[in-house]
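Participant: Handing you this structure, nothing more for now.
The values are calculated or read from the model by the stated rules, or taken from the named source; none is laboratory data. Keep in mind that this is a model prediction, so the values were computed, not measured. We place every Cβ from the backbone using ideal geometry, glycine too, and count neighbours over all the protein chains shown.
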Amino acid sequence: MKIVGIACFAVRLPLVTPFIISYGTYSHVESVLVRLTTDTGLVGWGEATPDPYVTGESWAGTEAMLRHDLLPLLRDQNPLAREAIHARLDGLVTGAPSAKAAIDLALWDIAGKQAGLSIAALLGGPVHDTLVWHATLSIGAPAAMAAEARAAVMAGHTEIKMKVGAARLMDDVERIMAVRAAVGPDVALMVDANQGWRDPATAIRAIQAIAPAAPVWIEQAIRADDFAGLAEVRRATGIAQMADEGVHSARDGLRIAELRAADLVNVKLMKTGGITEAMRLIAVCEAAGLRCMVGSMVESTIATAAGVQIALARRAVVANGLVGPVMLRDDLATGLTYADGAIRTDPDAPGLGIAVDEERVTRFAATTRERAEE
Ligand SMILES: [Mg+2]
């Protein structure tokens, strides 16, 4: 089997409401889709959703690199030879994890379709019956966040993740206490500062102030690259810490484990460069006794479905933030169902387990020039 058809589409998908986190406000998901076709008629889909702040890649740059540099390497290659393909990609370009994730996902999708199995089945089979997803609250006024949290609980959520890390520390403390008061003691509350508390001293002060709200864990409290500082926060507060922006690879996971810098790691396909490296990172975490979440960059159903497949298949995965499809006004594929706080997918559907609507892909195709002129 060999790859004979290669296509790449830049798309912009509008969100229902803007997503506000510590480093920006987002109105759209900006992705680059990859479609690979084999000489046997199989089609694999992948998606790159770069986050310039986290992966160092832009939307325009990712499209250009895929189109001109990475995708041409795939022509006539065996799509099942993932290790060899990654070696060629890594030999040409260092980093560029979102671009490589788009390719990796499409290769796994083809592997599943060739075998007639879901990717979760290829990874050892689902170990979770369903995935409980947490509602994610944008940064807002304390009363507004509290109201949104209460609505999420009424809609069936048992886990809520709130974004903080805004300019004034005491505003964050007020937000967190307001949300806990609104949802009562039984809802699991997670707090993601997205590096917004910057340094250990500030983070320790914030976490001590919100301790009565009993957060299950605090996510990326300080600067991504300060692993020793995160270890300090963890020891000083006694509250579980999750590393997100700081961990991109199995190597990073190993350093977190060596420094005992976190209790959990947020695994995202756009940071690891796809499923292949994500599985290595999760394996390192399992060996070190760290738990994992499978997060996302707010992606369409295409990349989100890949996250669902790995989250289903690994015991170390205890949570997920695979919320892109519920935040999108328009999506590109079907195959994931979100209801009662749980995500479901057809376990017998091969590959990513989704059906991509090509008419929608064409409709939402956009160019970087159009955005620049907005
Ligand atoms: Mg995060």
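Participant: Looking at segment 20-40, which of the residues that are assigned to a loop (DSSP other than H, G, I, E, B) and among the polar types (S, T, N, Q) is surrounded by the fewest Cβ atoms within 10 Å (Cβ to Cβ)?
Facilitator: Looking at residues that are assigned to a loop (DSSP other than H, G, I, E, B) and among the polar types (S, T, N, Q), I get T40.
Participant: Looking at the structure I just gave you, is A149 in the same structural domain as A240 (by TED's automatic domain parsing) and under 22 Å from V323 (Cβ atoms)?
Facilitator: Working: in the same structural domain as A240 (by TED's automatic domain parsing): yes; under 22 Å from V323 (Cβ atoms): yes.
Taking the combined requirement at face value, the residue satisfies it.
Participant: Another one. Name the helices (runs of 4 or more DSSP H) wholly inside segment 197-310 in which the number of residues that are small (G, A, S) and within 15 Å of the ligand (Cβ to nearest atom) is 1 or more.
Facilitator: Those helices (runs of 4 or more DSSP H) span 200-210.
Participant: Restricting to segment 111-131, and then to whatever is assigned to a loop (DSSP other than H, G, I, E, B) and of a type in the set (A, V, I, L, M, F, W, C), can you tell me which residue is surrounded by the most Cβ atoms within 10 Å (Cβ to Cβ)?
Facilitator: My answer is L123.
Participant: Within segment 258-276, can you find the residues that are without any contact (Cβ under 8 Å) to a residue 40 or more places away in the chain, closer than 19 Å to G295 by Cβ and either surrounded by fewer than 19 Cβ atoms within 10 Å (Cβ to Cβ) or more than 12 Å from the chain's Cα centre (by Cα) (or both)?
Facilitator: Listed by number, the residues that qualify are A261, A262.
Participant: Checking V43 against (1) β-branched (V, I, T); (2) closer than 23 Å to D244 by Cα; (3) surrounded by fewer than 22 Cβ atoms within 10 Å (Cβ to Cβ), which test does it fail?
Facilitator: Of the numbered conditions (1) β-branched (V, I, T); (2) closer than 23 Å to D244 by Cα; (3) surrounded by fewer than 22 Cβ atoms within 10 Å (Cβ to Cβ), the odd one out for V43 is (2).
Participant: Kindly list the number of the only condition in (1) under 19 Å from the mean Cα position of the chain (by Cα); (2) over 16 Å from S249 (Cα atoms) that fails for L74.
Facilitator: (1)
Participant: Sticking with this one: So for segment 354-363 (the condition being of a type in the set (G, A, S) and modelled with pLDDT of 95 or more), does at least one residue qualify? Working first, answer last.
Facilitator: Within segment 354-363, the subset of a type in the set (G, A, S) is 355.
Checking which are modelled with pLDDT of 95 or more leaves us with 355.
Within segment 354-363 (the criterion being of a type in the set (G, A, S) and modelled with pLDDT of 95 or more), the answer is yes, since at least one residue qualifies.
Participant: Scan segment 158-194 for residues that are free of Cβ contacts under 8 Å to residues at least 40 places away in the same chain and among the basic types (K, R) and report the count.
Facilitator: 3
Participant: Just one of A305, A319, A313 is in contact (Cβ under 8 Å) with a residue 60 or more places away in the chain, within 20 Å of the chain's Cα centre (by Cα), within 26 Å of L15 (Cβ to Cβ) and outside the structural domain of V34 (by TED's automatic domain parsing); which is it?
Facilitator: A319
Participant: Kindly establish whether A155 is surrounded by 22 or more Cβ atoms within 10 Å (Cβ to Cβ), more than 16 Å from the ligand (Cβ to nearest atom), touching a residue at least 24 places away in the same chain (Cβ under 8 Å) and not assigned by TED's automatic domain parsing to the domain that holds Y23.
Facilitator: no
Participant: OK, next. Suppose we filter segment 230-251 for residues that are under 21 Å from T55 (Cα atoms) and surrounded by fewer than 20 Cβ atoms within 10 Å (Cβ to Cβ); how many remain?
Facilitator: Of the residues in that region, 3 qualify.
Participant: Just to verify a result, which residue in segment 62-103, among those that are of a type in the set (S, T, N, Q) and outside any loop (DSSP other than H, G, I, E, B), is surrounded by the most Cβ atoms within 10 Å (Cβ to Cβ)?
Facilitator: S98
Participant: If you check every pair at least six apart or on different chains, which have Cβ atoms under 9 Å apart with a residue in segment 33-59 that is at positive phi first and a residue that is buried (at least 19 other Cβ atoms within 10 Å of the Cβ) second?
Facilitator: G56/P50; G56/A96; G56/P97
Participant: Select from segment 317-333 the residues that are crowded, with 20+ Cβ neighbours inside 10 Å and either in a loop (DSSP other than H, G, I, E, B) or acidic (D, E) (or both) and write down the one among them that is farthest from the ligand (Cβ to nearest atom).
Facilitator: L332
Participant: Within the bounds of segment 168-183, is there any residue that is modelled with pLDDT of 95 or more, within 16 Å of the ligand (Cβ to nearest atom), within 19 Å of G321 (Cβ to Cβ) and in a loop (DSSP other than H, G, I, E, B)?
Facilitator: Checked segment 168-183: no residue is modelled with pLDDT of 95 or more, within 16 Å of the ligand (Cβ to nearest atom), within 19 Å of G321 (Cβ to Cβ) and in a loop (DSSP other than H, G, I, E, B).
Participant: Further question on the same structure: I'm trying to understand the selection: among the residues of segment 283-308, which are under 15 Å from G253 (Cα atoms) and among the β-branched types (V, I, T)?
Facilitator: The answer is V284, V294.
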